[in-house]
Amino acid sequence: MSVVLLERPAEHVALIRINRPDARNALNMAVRKLLAQHLTDLGQDPATRVIIITGNEKAFAAGADIKEMADAGTIEMMQRGTHLLWRVIAACPKPVIAAVNGFALGGGCELAMTCDIIIAGENAKLGQPEVKIGILPGGGGTQRLPRAIGKYKAMKICLTGDLVAAKDAYDMGLVSEIAPDAEVEKRAIEMATQIASYAPLAVQQIKELVNAGQDASLDTALRLETKAMHILFSSQDQKEGMQAFIEKRKPEFQGR
Ligand code: HXC
């Protein structure tokens, strides 16, 4: 069986399942390449509006595969180009929901942070323990974590390597929502279905704006927002959405 499975749990929703249970879903090169390939394909697939990434009950992903990189040198690490595969994941234009049970550590936590929404099981544990094995959070952790939760909490997590319980991660803004462990996937599919029922162009513009705006000045970001808002008035879905409201009926969005 493949180390990454693609499922279709609901209309317009794709679910990507990391499938290395014996290695706590450690992200080896095969997993990373398949994740990047699936996200590229689904990003271009008109039938897919929202994507979920998940693992199993024990692990979302326990980080980069330590056994695969233990003996690597600098040039080999460069040539593996994992940072490029990571960028492909982050560049997906459609919303990506991380459904996290068990461990989301190191590259696993960074993968979750590359997603747009994180739903965590109440017993999930997140963290950046790389410092304990002589490296650092190299998949975006030193940058995305402080942007998400602020410098001082991020420093503590990255420098101590201590794991963070789901409830604490929620309180600090690292997790969007907590669900009972057994219901994480169900809740992710439910939320994905809700988002998939909205106008895809509007949804994609929102994702792009929230992400692009974070690193721009407020003035520039607000201008981007205004332009995107105006652009949506060229879409059929804007006309349909507002007409449906006026006619007191459910809109039928087409992604045009
Ligand atoms: C390779 C791993 C692994 C990993 C677990 N395994 N995590 N293999 N890479 N990251 C393997 C174990 O070696 C073991 O294999 C099997 O999975 C089960 O793991 P256990 O440790 O026995 O399970 P458990 O006691 O439940 O503990 C789970 C755990 C622990 C807390 C997640 O495995 C752990 O601490 N893993 C490492 C976490 C980590 O340091 N992550 C950061 C990686 S560096 P065998 O063959 O013995 O059964 C990173 C850098 C990102 O992510 C940079 C991006 C480029």
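The values are calculated or read from the model by the stated rules, or taken from the named source; none is laboratory data. Computed from a prediction, not measured in an experiment: that's the story for all the values here. Every residue, glycine among them, receives a Cβ derived from its backbone with ideal geometry; neighbour counts consider all protein chains shown. Ligands, DNA and RNA are stripped out before the accessible areas are found, and what is left, the full protein with its side chains, is counted by its heavy atoms. Shrake-Rupley method; radii C 1.70, N 1.55, O 1.52, S 1.80 Å.
Kindly express, to the nearest 10 degrees and within the range 0 to 90, the angle between helix 29-44's C-alpha long axis and the longest C-alpha principal axis of the chain.
Taking Cα atoms only, the helix is inclined about 10 degrees.
Which distance in nm do the two modelled labels at Leu136 and Asp71 give, with both placed 7 Å along the Cα-to-Cβ direction?
Placing both labels 7 Å along Cα→Cβ, they lie 2.8 nm apart.
Stokes-Einstein diffusion coefficient for the range 1-123 at 10 °C in a medium of 1.306 mPa s, Rh from the Kirkwood formula over Cα pairs: what value in µm²/s?
This corresponds to a translational diffusion coefficient of 110 µm²/s.
Under 5 Å between amide H atoms, partner at least 5 residues away or on a different chain: which partners does Ala10 have, H built in plane at 1.01 Å?
Answer set, sorted by chain and number: none.
At 1.4 Å probe size, with no ligands or nucleic acids counted, give the accessible surface of Lys156 in Å², nearest ten.
My reading of the accessible area for Lys156 is about 130 Å².
Under 22 Å between alpha carbons, and skipping anything fewer than 8 positions from Lys156 in its own chain: which lysines qualify?
Output for Lys156: Lys125, Lys132, Lys167.
How many Å² of accessible area per residue for the chain, probe 1.4 Å?
Ligands and nucleic acids excluded, the result is 54 Å² per residue.
Under 5 Å between amide hydrogens, which residues at least 5 positions from Val164 or on another chain qualify, with H placed 1.01 Å from N in the peptide plane?
Placed amide hydrogens put Leu126, Gly127 under 5 Å from Val164.
Would you grab the residues whose amide H sits under 5 Å from the one on Val100? Only those 5+ places off in sequence or on another chain, please, with H modelled 1.01 Å from N.
Ile119, Ala120, Gly121
Compute, for the range 43-113, the length of the dipole vector about the Cα centre, with Cβ point charges of +1 (Lys, Arg) and -1 (Asp, Glu) only. Units Debye, rounded to 20.
260
By how many degrees, 0 to 90 and rounded to 10, does the Cα axis of helix 151-160 deviate from the longest principal axis of the chain?
Approximately 30 degrees, to the nearest ten.
Determine the relative contact order of the range 61-182: mean sequence separation of Cα pairs under 8 Å and six or more apart, normalised by residue count, in whole percent.
26
In square nanometres and to one decimal, what's the mean projected area of the convex hull around the Cα atoms of the range 94-214?
Average of the hull's projected areas for the range 94-214 equals 7.1 nm².
Tell me the Rg and the Dmax, in Å, that the Cα atoms of the chain produce.
Rg and Dmax of the chain, Cα atoms, are 18.8, 65 Å.
For a Förster distance of 22 Å, can you work out the FRET efficiency between the beta-carbons of Asp41 and Glu208, rounded to the nearest 0.05?
The value I calculate is 0.70.
Would you kindly derive the ³J(HN,Hα) couplings of the range 15-23 from the backbone phi angles with the Karplus curve 6.51 cos²θ - 1.76 cosθ + 1.60 (θ = phi - 60°), listing them in order in whole Hz, with x for Gly and Pro?
Using θ = phi - 60°, the values come out as 10, 9, 10, 6, 10, 10, x, 6, 10 Hz.
Multiply the residue gap between Lys167 and Glu183 by 0.36 nm, knock off their C-alpha separation, and tell me the result in nm, one decimal place.
Residue separation times 0.36 nm, minus the Cα-Cα distance, leaves 4.2 nm.
Between Ala90 and Lys248, take the C-beta separation as r, use R0 = 45 Å, and let me know the FRET efficiency to the nearest 0.05.
0.70
Mind pulling the angle between the C-alpha long axis of helix 200-214 and the longest principal axis of the chain? Nearest 10 degrees, somewhere in 0 to 90.
Once rounded, one gets 50 degrees.
For Lys156 and Gln143 in the same chain, what is the full-extension length gain: residue separation times 0.36 nm, less their Cα-Cα distance, in nm?
3.3 nm
Taking 0.36 nm per residue of sequence separation and subtracting the Cα-Cα distance, how much length would be gained by fully extending the chain between Met78 and Arg8, in nm to one decimal?
21.7 nm
For all pairs of alpha-carbon atoms in the range 154-256, what percent lies in each bin of width 5 Å, listed from the first bin to the last filled one?
2, 10, 13, 14, 14, 15, 14, 9, 4, 3, 1, 0
Which whole-angstrom value gives the distance between the alpha carbon centres of the range 41-97 and the range 218-256?
Result: 31 Å between the Cα centres.
With a 1.4 Å probe and every protein chain kept in, tell me what percent of the accessible surface of the chain is carbon plus sulfur.
57
Taking the dipole about the Cα centre of the chain, with the C-beta of Lys and Arg at +1 and of Asp and Glu at -1, give me whichever of Gly161, Ser217, Ile189 is farthest to the positive side.
It is Ser217.
For the range 168-228, what is Rg from Cα atoms divided by 2.2 N^0.38 Å, rounded to two decimals?
1.44
Would you mind checking Lys33/Lys58; Lys67/Lys153; Lys33/Lys153; Lys153/Lys186 for any pair whose Cα atoms are more than 27 angstrom apart?
Listed pairs above 27 Å: Lys67/Lys153; Lys33/Lys153; Lys153/Lys186.
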